[in-house]
Amino acid sequence: MTTETVAIRPRLKNWLPAYGVYAAIVLLVLYNVAFTPNFLAWSNLRIQLIQVAPVVIVALGMALVIGTEGIDLSVGSVMALAAALIPLYLGYGVLAAILVSLLAGVLVGLVNGTLVARVGLQPIVATLALFVGGRGLALVISGGRLKDIRNDDLIFLGSGDFLGLPMLVWIAALLVLVVAFVVRRTVFGRRLLAIGGNRPATELAGVPVKRVLITVYVLCSVLASIAGLLAVARIQSSDASAVGLLIELSAITAVVVGGTPLTGGRVRVLGTVAGALLMQLVVATMIKHNLPSSSTEMVQAAIILIAVYAARERKSR
Amino acid sequence: MALLEVLDVSKEFPGVRALDGVSFTLRPGEVHALVGENGAGKSTLIKVLTGVHQPDGGELRYRDEPARFATPMDAQRAGISTIYQEVNLIPLMSVAHNLFLGREPRTRLGLLDEARMHREAGEILRRYGVTTDVRRQLGTLALGAQQMVALARAVMIDAKVVIMDEPTSSLEPREVETLFGVIRDLHAQGIGIVYVSHRLDELYRICDTVTILRDGRVVHTGELAALERIRLVSLMLGRDMSAVRREGFTGFAGEHATAADAAPVLEVTGLSSRRRLHDISFAVRPGEVVGLGGLLGAGRSETIKAIGGAYPVDSGRVAVGGRELKRPTTVRAVRAGIATQPEDRKAEGIVAGLSVRENIALAVLPRLSRFGLVSDRRIDEIVRTYMDRLQIKASGPDQRVGDLSGGNQQKVLLARLLATRPRILLLDEPTRGIDVGAKAEVQSLVDELAGEGLGVVLVSSDAEELIEGADRVVVLRDGAVVGELRGDDVTTEALLQTIAAAAEGETPDDH
C-alpha cells in the first residue's frame, strides 16, 4: 500500500499509553489521601514499597524481553531456584550464596535465550519449559522443605533500612536506573528495540541478533534471581514452592499497564515501575476498604484491558 | 451515466492538505488509471472512496445518488471492493474457505455445505486461471494465485466497483496476463475499475482513462491513449517535458568509468544452495554496476541474500577485495563491507516503529559509541549528513519511519547502508513501489556511488532500469547463470533474448 506522509493520530491515543498510568496513580493516591485513614502514614507507604519491590525488579527484565517481542514465563521459577540455592551455599558466606543464585539465573537465561534465538522456538514455548522445570528443580534441590535463614547480612538486604528507606527499595531503585540507562544510552539497548521492531531487518543490518537476544534473556533471569534471593532475605526463610509464585503474571501486567506494547520495539522502564505501583495501589486500596479479593481481580482485569487497548499499535503502515 | 463520482472533494490532515478540490468520475465498464507520485493523494482518494476516511468537503455520488460510507464495510456492502498490494486473506485456511469466508453455503440443517463450497470455489477460480485443489491451505499457493483468490473474492461480493492498488507488484508476468484477462471480463460485465500502478506499460495496456494527481489536485483527466507517455510522466512529476526527454526515463547517466583491469572488489565463485542456487560465479570491480537479470524465481534475490550472509549456502566462496568471507553471516558480511538492501522493504528493511535517526544509525552503532554507550552527537552528525545527501523528506530525525512515504523509507534504508561505508552495495529492487521522483533520485545516487568506486550489484524487474543502470548484466535462470551481457550488448532486446533463449524448451517452474 502506498503510504503518504500523513500521520493522523488523535492526541489521546498517544497520550494514554505514555502517561495514562501516571494519571491513574495520581488519581488513586488522591482518592486514598481523601478517603483512606492513615494512608499517608509512613508505616503504610513503607509496606507498599516493600511489597512492590520484587515485582518491579522482575518486571524490569520482563520489559526488556517484551521489548524484543518476546515473553519470559520462567521468572517465577528462577526466583524459586535462587531461593532454593541460597540456604545450600550460605555456609560458604553470603557472597558465595548470592553468586551461586545469580549464576543459576545466568544459566536459565542462557537456556531460554538459546532456545529462542538459536533453536528458533517461540518465546512463550521456550520459557514454558523452565517455567515448569525450574520450580521442579528448585523443589528437588530444597527437598521440598521450608528452610529458615539466620544470616544477618542476608536478612539486612531484605529487612534492613538504609538512610530511612528499606534496602529492598534502594536495590529496586538502583536496578531501575541501571535498566533505564541500558535501554536509553547503550548500543545494546538500541539493538534490543530494533530487534523488537523488525528482527529480519536488524539481522540484515549486521547486528548480532542472536547474541543480543540471549543477553536479554540472561538479564531477565538474573533480575529474577535477584528478586528471588531478596524474597528469601525478606521472609527469612526459603520456600521453593511459594517464592515467586505467579509473579510472571504480575510482571507482565506491570509492563503492559506501564505502556510497553507486547508487539515489541519499545520499552517504557519508568512506565513499568509505575505499572507495578498502580497494581499494588489498587490492591491496597481495595483491601483497606474491605472489598472482597474477587472484586480486586475484576478491577485489575479492567486496568489490563484498558492498558492493552491503549497500547495497541500497528507495527507498520 | 457515472457509476462513482467524486465532486470537489477535499481532505485535510494536520499540516497537510491531502486532497484539494478533487473531482473524479468512474463510468461502468471503465478501467480508470489513477496515477501520481507518492504523496500526491492517491491513497487518500482511495480511502475516501472506500469509507476509510470521510471527506472534509465536497460530495461523493454512487450510482447517481449522494453517498456516504461511514466504514469500509459500508462501502463494501454497497458494492465497492478493494484489493490491496498485500493479500488480506487467511493463509492457514483453505482456498475455498477464504473465498467464501462469511458467506459460506449451508445445508438445510445449517451446517457448512463443504461439497458445494468446494465445487463452486473450483468453478469460480478456474475463471481466474487458478486450477489448484481448493482444499489446499491458501498460504501454500504462490503469491500470484493468492492475489487471484483475493480478486475473485472481491468480485464475488457483487461488486460494481473494484479498486486495485498496485495489484501486479507481486505477480509474475504470466500471472499479470491472467489478471488482465480477468480485468477485461470485469470490463465486459460493466464493472468499473480503478487501477493504481506505477508501471506505465501496464497502464497503457489495460486502462481506458487516466486521472493524474499531484500535490492533492487533479492535474489531468481524460482518455489514456490520447496522452503521450512522456507527457504523462511530466504531468505526474510536474517537470519540463523536454528535460524528461533529454534525461531519459531513469535517473541513470550511463556507463561508469571502470578500469577494466582493476582487481574485483567482489568475487563470487561457485555459489550453490540446495535446489535454489547452482554454481553461480561472477565478479564486480570497483565502480562497476553489475545487474542480475532474469525472471521472478530465477534466483536473483537468493543470490543477493547469499552474498550478504542471509541465505544458507552449501558451497562456493564470496571474497571481498580478495579476502574470502569464511562462513558468511550477515554480521561478517557487513563487517567485510557488504551492504544489502533487501527486496521487501517493510519486512526486512526498515524498522517502521523506530525513528529516522534510529533506523539510519542501526548498523553503525558500535562505531558511534564508546564502551557500549551511544553518542547522540555522533549519531546526529551521521544522520544529518545522510538526510541531506539523500534528501530524505521527514519532519525531522525523530519522525517514525513507518509514517514516511515509500520513497523516503527506501532512502532511509539506503542511508543506513551507506553509513556502514560499504565497498559493495547489493540492491534488490531498489526502486520498487516508490514514486517516480524518488526513483530517479535513487537511480542517480547509485550512479554517484559507483562513481565513487563502490561495487554495485543491482537486481531489478524493470528492464529499463537494469539496462540503463548496469554496465554488465548477468542473466540467471533457475538459480544458474545462463548468460552475460557486456558493453554494447546491454540492451533490452538482448536481455529479453537471453532470458527467452534460456527458457526455451523448458517448462516454466511452478512456485
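The values are calculated or read from the model by the stated rules, or taken from the named source; none is laboratory data. Predicted model only: the values in this text are computed from it and were never measured. Using ideal geometry, Cβ is built from the backbone for each residue, glycine included, and neighbour counts are taken over all protein chains shown. Surface areas here come from the heavy atoms of the whole protein model, side chains and all, with no ligands, DNA or RNA. Shrake-Rupley method; radii C 1.70, N 1.55, O 1.52, S 1.80 Å.
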* Just the number, please: carbon plus sulfur as a percent of the accessible area of the protein assembly as shown, 1.4 Å probe, no ligands or DNA/RNA counted. => 57
* Sequence of B:ASP489, B:ASP403 from largest to smallest accessible area, 1.4 Å probe -> B:ASP489, B:ASP403
* Which one of A:VAL216, A:VAL257, A:VAL282 has the biggest mean-square fluctuation once chain A is modelled by GNM with Cα springs under 10 Å? -> A:VAL282
* When only C-alpha pairs under 8 Å and at least 6 residues apart count, what is the relative contact order of chain B, in percent? -> 15
* When all protein chains stay in place, what accessible area (Å², nearest 10, 1.4 Å probe) is found for B:GLU448? -> 90
* Asked: Between B:ALA115, B:MET148, B:LEU125, whose Cα lies farthest towards the positive end of the dipole of the range B:108-180 when Lys and Arg beta carbons carry +1 and Asp and Glu beta carbons carry -1, centred on the Cα centre?
  -> B:ALA115
* Structure fact -> Heavy-atom accessible area of B:LYS346, protein chains in place, probe 1.4 angstrom, given in Å² to nearest 10, is 60
* Asked: With springs only between Cα atoms under 10 Å, which of A:LEU193, A:LEU40, A:LEU262 fluctuates most in a Gaussian network model of chain A?
  -> A:LEU40
* Asked: Under 5 Å between amide H atoms, partner at least 5 residues away or on a different chain: which partners does B:VAL194 have, H built in plane at 1.01 Å?
  -> B:HIS32, B:VAL162, B:ILE163, B:MET164
* Report, in whole Å, the centroid distance computed from the Cα atoms of the range B:192-223 and the range A:230-297. => 57
* To do: Using DSSP, restrict attention to beta bridges with both residues in chain B and report what percent are antiparallel, rounded to the nearest 5.
  => 55
* To do: Heavy atoms only, probe 1.4 angstrom, no DNA, RNA or ligands counted: give me B:MET93, B:MET73, A:MET298 ranked by accessible area, highest first.
  => A:MET298, B:MET73, B:MET93
* To do: Divide by every residue of chain A the summed helix terms, -39500 (n - 2.57) for each DSSP H run of at least 4, and state the resulting mean residue ellipticity at 222 nm, rounded to the nearest 500 deg cm²/dmol.
  => -24000 deg cm²/dmol
* To do: Mind putting together the pair-distance distribution for the range B:331-430? All Cα pairs, 5 Å bins, whole percent per bin, short to long.
  => 2, 14, 25, 25, 20, 10, 2, 0
* Asked: Which value, in debye to the nearest 20, gives the size of the charge dipole of chain B about its Cα centre, when Lys and Arg are +1 and Asp and Glu are -1 at the Cβ?
  -> 1560
* **Surface accessible to a 1.4 Å probe, per residue, for the residues of the range A:39-245, Å²** => 39
* To do: Report, in debye and to the nearest 20, how large the dipole of the protein assembly as shown comes out about its Cα centre when Lys and Arg carry +1 and Asp and Glu carry -1 on their Cβ.
  => 2860
* B plus A alone minus the pair: what accessible area, both sides summed, probe 1.4 Å, in Å² to 100? -> 3600
* Structure fact -> Taking every alpha carbon pair in chain A and sorting the distances into 10 angstrom bins from 0 up to the bin holding the longest one, the percent per bin comes out as 6, 26, 33, 24, 9, 2, 0
* Please build a GNM for chain A, connecting alpha carbons under 10 Å apart, and tell me which residue among A:GLY67, A:GLY244, A:GLY164 fluctuates the most. => A:GLY164
* Asked: Taking the DSSP beta bridges in the range B:4-247 as the whole, what percent of them are antiparallel, to the nearest 5?
  -> 55
* Accessible area per residue of chain B at 1.4 Å probe, in Å²? -> 43
* Asked: Which loop-located trypsin sites (Lys or Arg not before Pro) does the range A:110-191 contain, where loop means any DSSP state but H, G, I, E or B and the Cβ has at most 12 other Cβ atoms within 10 Å?
  -> A:ARG145, A:ARG150
* Asked: So which of B:LYS47/B:LYS411; B:LYS305/B:LYS393; B:LYS160/B:LYS439; B:LYS11/B:LYS393; B:LYS326/B:LYS439 end up more than 32 Å apart by C-alpha?
  -> B:LYS160/B:LYS439; B:LYS326/B:LYS439
* **Structure-based [θ]222 nm, chain B - -39500 (n - 2.57) summed over DSSP H runs of at least 4, per residue, nearest 500** => -10000 deg cm²/dmol
* To do: Mind listing, in residue-number order, the residues in the range B:165-194 that have at least 40 Å² less accessible area with every protein chain present than in their own chain alone (1.4 Å probe)?
  => none
* Structure fact -> Output field shielding_mean for B:356-364 (other chain Cβ, 10 Å radius) holds 4
* Asked: If only Cα atoms are counted, what is the Rg of the range B:4-247, and what is its Dmax, in Å?
  -> 19.1, 70
* To do: Whole Å is fine, so just give me how far the alpha carbon centre of the range B:412-475 lies from that of the range A:120-186.
  => 51
